[in-house]
Amino acid sequence: MKEMYPKNGRVILHVDMNSFFASVEMAYDPTLKGKPLAIAGNVEERRGIIVTCSYEARKFGVKTTMPLWEAKKLCPQLVVRKPNFDRYRAASLGMFEILRQYTHLVEPVSIDEGYMDISESFEFGSPIEIAESIQKRVLEQLDLPCSIGIAPNKFLAKMASDMKKPMGITILRKRDITKILWPMNTNEMHGVGKKTAEKLTTIGIHTIGDLAMGNEIQLKSLLGINGIRIRERANGIDQRPVDPESVAEFKSIGNSTTLPRDVSNQQELFHVLESLAETVSVRLKRKNVLASTLGITIRYKDRKTITRSKKLPNPINHKDDLSSFAKQLLLKSWNGDPVRLLGITGNDLVEQDHAYKQLDLFSYEKDAKKEPLLNTLASLREKYGKSIIEKAASHNVDSSQNVGTGTSFNKDFLRSFPDKKHEVD
Amino acid sequence: MKFIIQRDRLVQSVQDVMKAVTSRTTIPILTGIKIAATSEGVTLTGSDSDISIESFIPKEDAGHEIVEIKQSGAIVLQAKFFSEIVKKLPTDSVEIEVLGSLQTVIRSGKSEFNLNGLDAEEYPHLPQIEENNKFHIATDLLKAMIRQTHFAVSTSETRPILTGVNWKIENDELICIATDSHRLALRKAKIETDNHENYNVVIPGKSLNELNKIIDDTNEPIDIVITENQILFKAKHLLFFSRLLEGNYPDTSRLIPNESKTAVTVNTKEFLHAIDRASLLAREGRNNVVKFSIIEGGSIEISSNTPEVGKVVEEIQSQSIEGEDLKISFSAKYMMDALKALEGTDINVSFTGAMRPFVIRPLHDETILQLILPVRTY
């Protein structure tokens, strides 16, 4: 089977679950199959925004991030379900478990997509056979559809998986680039957002082909180093390895919430920050990290959005610290206008093992009092290993209770993989 | 007003008073330098209302004529332009003349500038300070005392009082203390006072920093006058006024530990270099933290571990170790700042526990100490 693999290249798969949340709901409740289904936040309130929807709903023009009322107008028979994050996590776990049976080089990108490097997996068959087998098993075992892209690198694999949905398998070879990729508009390119595409049009670049032949100097002055990078991608070059650990390198943890109505009462906003701080605190502790910088997001009634952040004197993960710094930031940055959305983000995360608190001359006695206790802990850990004892407050929450902090970008959950992975390996 | 002046003397004085001028002021006239010519000489003034500096250029110095006054008077000129102009003028002498309606002409060689001046009458008066209550101190000693303390002031406005250096005068002794609550620097010196009065004031760290830049490293005495809300430093041909910070400085004397559980004596330079090396990796990470451990055989181990980068371990020989074993972590930056401020070839570090402040002193010198709070892990 080795002859089906390139001699000096890699074979990368990008596996992308099709309308993942909606498909999971359909797997749980088969009566939903074939119906226009949308998963949305709070159904009664304005914050009801479509998180994802089935292909049947998409036919009516329903799109992700569309407000619920708008979707209902387009498709009155739309079935709306609240998200069940524990179901999605379970399904995602199952999906990645299947992927890891072909190679240990599986890099989860989010809850519903991942890259695989199958360059050395010839014992399982040719690349297409592997893709077909994955697709089949995910469908049979989990009742979930997925699309798979096969290409010599991550970028092309990602582009390929996007080309045929649902249940597609697309091969994108380097020699196909000029024919398939280059006629596409730049905003269809992975890694090029709306803003970047707009900027590109100012220098006459409309298609991926334009970009591939664009002037490097011009691109660099317009977009910086990213300009060079996307030009390389447009030429089908992408050296990034498939890194199973990359999901561990999260950069920030944050939560935001759209308020049920516009609020200009400071006390109410404080309460919102307190509850956000609690969620962020749980998430930080779950990952055993602390935030060295705290940021807040304020969106006003007119949708004008500002973010402000502050470098903290000491890294924090306690909800009281998070909320008190968030409140300080709010008082400093809020102009008093009605607020539509508030968010808190912990940035510059440090792992608890490497986080330090600089003691304070005027308050060190409080910490020093705990010294005997901490000494005991340290000697216990030295003797019996790191996990012998933990503070109750930092103890990992049972994963079945993890649902409360669900975000649409559910990377937290992926963090719980490493343990799981070793079993599969 | 009209005078001819030696350019290098003018440039020096302008540079000195510029230390007090800021472009960010709510009082527009303070973006200017006031120039006043009298029969005695020329006086330049700059101020940002916190700091005011007055530099005097005498008509004659050691028999040499520096300024030729043709007509006395005063004007305020935009500091930004005036300072650049005098620096770049082509010849060694400069003529400055104010025509009617505040038009000022600056001539040097064949170059001629016309600047729009501001009315000197509008310039705020400097604080009037009674000078019967003064004390003096050698300028080089004052510079040392500033250098050894002012770096430890707080840069954060959370406790504004800590952005200043606390000066206490008790029993003809000046004690300077600065702390940002993570470390503390203290320096004492005997001074001569006129009437043995006691003071306890807080001088903005920034003021002392600027003062340190413009006073010369000589042993000539500098006069110091303290009032309710101002301090005046009076050197030859130079007046430096600073506002004092309002509020009570925390009493730090009880926070400095007297006893010691572990005492270590090491060579200052060796210790400083070891910390510097250990922090090379720590600097890359977010915390600039190094670990200090006492190991067997009278040695000290300095180590640092930054997971993404790597780790470093270094052993240094101490001259003496007394008391309990100890492992303690602290900011490498604070330690290096402290060691650089100390004079003397050997230092003594006394610890009272891994989570308590420790004190660094030069051997056999009671006039200076540096205190550092350690860090703790979570």
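The values are calculated or read from the model by the stated rules, or taken from the named source; none is laboratory data. It should be emphasised that the depicted structure is a prediction, and the values quoted were computed from it without experimental measurement. Cβ: placed from backbone, ideal geometry, glycine included. Neighbour counts: every protein chain shown.
Mind checking whether some residue in the stretch B:215-224 is in the same structural domain as B:Ala152 (by TED's automatic domain parsing), part of a strand (DSSP E or B), in contact (Cβ under 8 Å) with a residue 24 or more places away in the chain and not aliphatic (A, V, I, L, M)?
Within the stretch B:215-224 (the criterion being in the same structural domain as B:Ala152 (by TED's automatic domain parsing), part of a strand (DSSP E or B), in contact (Cβ under 8 Å) with a residue 24 or more places away in the chain and not aliphatic (A, V, I, L, M)), the answer is yes, since at least one residue qualifies.
Just checking, how many residues over the stretch B:358-368 are within 14 Å of chain A (Cβ to nearest Cβ) and crowded, with 22+ Cβ neighbours inside 10 Å?
Number of matching residues: 1.
Can you confirm whether the stretch A:293-300 contains a residue that is of a type outside the set (Phe, Trp, Tyr) and more than 16 Å from A:Ser333 (Cβ to Cβ)?
No - not one qualifying residue is present in the stretch A:293-300.
Considering only residues of the stretch A:343-368 that are more than 7 Å from chain B (Cβ to nearest Cβ) and among the hydroxyl-bearing types (Ser, Thr, Tyr), which is farthest from A:Lys311 (Cα to Cα)? Walk me through it before giving the result.
First, the residues of the stretch A:343-368 that are more than 7 Å from chain B (Cβ to nearest Cβ): A:343-347, A:349, A:351, A:353, A:363, A:365-366.
This time we only want the ones that are among the hydroxyl-bearing types (Ser, Thr, Tyr), so: A:345, A:363.
Details: A:Thr345: 12, A:Ser363: 21 Å.
Going through the qualifying residues, I end up with A:Ser363.
Given the conditions (1) part of a strand (DSSP E or B); (2) surrounded by fewer than 19 Cβ atoms within 10 Å (Cβ to Cβ); (3) among the charged types (D, E, K, R); (4) out of contact with any helix residue (DSSP H, G or I) (no Cβ under 8 Å at 6 or more places or on another chain), report the number of the one that B:Asp325 does not fulfil.
(1)
Name the single residue that is surrounded by the fewest Cβ atoms within 10 Å (Cβ to Cβ) among those in the stretch A:81-108 being without any contact (Cβ under 8 Å) to a residue 60 or more places away in the chain and among the aliphatic types (A, V, I, L, M).
Going through the qualifying residues, I end up with A:Ala90.
Could you say which residue among B:Asp346, B:Asp337 is over 27 Å from A:Phe362 (Cβ atoms), more than 13 Å from chain A (Cβ to nearest Cβ) and of a type in the set (D, E, K, R)?
Only one candidate qualifies: B:Asp346.
Kindly list, by first and then second residue, each pair from a residue in the stretch A:186-198 that is part of a loop (DSSP other than H, G, I, E, B) to a residue that is among the basic types (Lys, Arg), limited to pairs with Cβ atoms under 6 Å and residues at least 6 apart or on different chains.
Here the result reads A:His190/A:Lys158, each pair linking the stretch A:186-198 to a residue that is among the basic types (Lys, Arg).
Among B:Glu246, B:Glu197, B:Glu192, B:Glu259, which is the only one that is under 23 Å from B:Phe351 (Cβ atoms) and surrounded by fewer than 17 Cβ atoms within 10 Å (Cβ to Cβ)?
Sole residue among the options that is under 23 Å from B:Phe351 (Cβ atoms) and surrounded by fewer than 17 Cβ atoms within 10 Å (Cβ to Cβ): B:Glu259.
In the stretch A:104-141, what residues are farther than 14 Å from A:Pro166 by Cβ and under 22 Å from the mean Cα position of the chain (by Cα)?
Listed by number, the residues that qualify are A:His104, A:Leu105, A:Val106, A:Glu107, A:Pro108, A:Val109, A:Ser110, A:Ile111, A:Gly114, A:Tyr115, A:Met116, A:Asp117.
So which strands (runs of 3 or more DSSP E) stay within the stretch B:120-200 end to end and still have 3 or more residues that are within 21 Å of the chain's Cα centre (by Cα) and at pLDDT 95 or above?
B:164-170, B:173-179, B:183-190
When you check A:Lys332 against the structure, is it within 14 Å of chain B (Cβ to nearest Cβ) and modelled with pLDDT under 75, yes or no?
Values: within 14 Å of chain B (Cβ to nearest Cβ): yes; modelled with pLDDT under 75: no.
Criteria not met by A:Lys332.
A:Arg231 versus (1) of a type in the set (Lys, Arg); (2) modelled with pLDDT of 90 or more; (3) closer than 17 Å to A:Leu330 by Cβ; (4) more than 22 Å from the chain's Cα centre (by Cα): which is the lone unmet condition?
Just one mismatch for A:Arg231, condition (3).
If a residue must be in contact (Cβ under 8 Å) with a residue 40 or more places away in the chain, polar (S, T, N, Q) and more than 11 Å from chain A (Cβ to nearest Cβ), how many such residues does the stretch B:150-187 contain?
Of the residues in the stretch B:150-187, 2 are in contact (Cβ under 8 Å) with a residue 40 or more places away in the chain, polar (S, T, N, Q) and more than 11 Å from chain A (Cβ to nearest Cβ).
Restricting attention to the stretch A:1-17, which residues are crowded, with 19+ Cβ neighbours inside 10 Å and either of a type outside the set (Lys, Arg) or over 18 Å from A:Pro152 (Cβ atoms) (or both)?
First pass over the stretch A:1-17, keeping only residues crowded, with 19+ Cβ neighbours inside 10 Å: A:10-17.
Scanning the stretch A:1-17 gives A:Val11, A:Ile12, A:Leu13, A:His14, A:Val15, A:Asp16, A:Met17.
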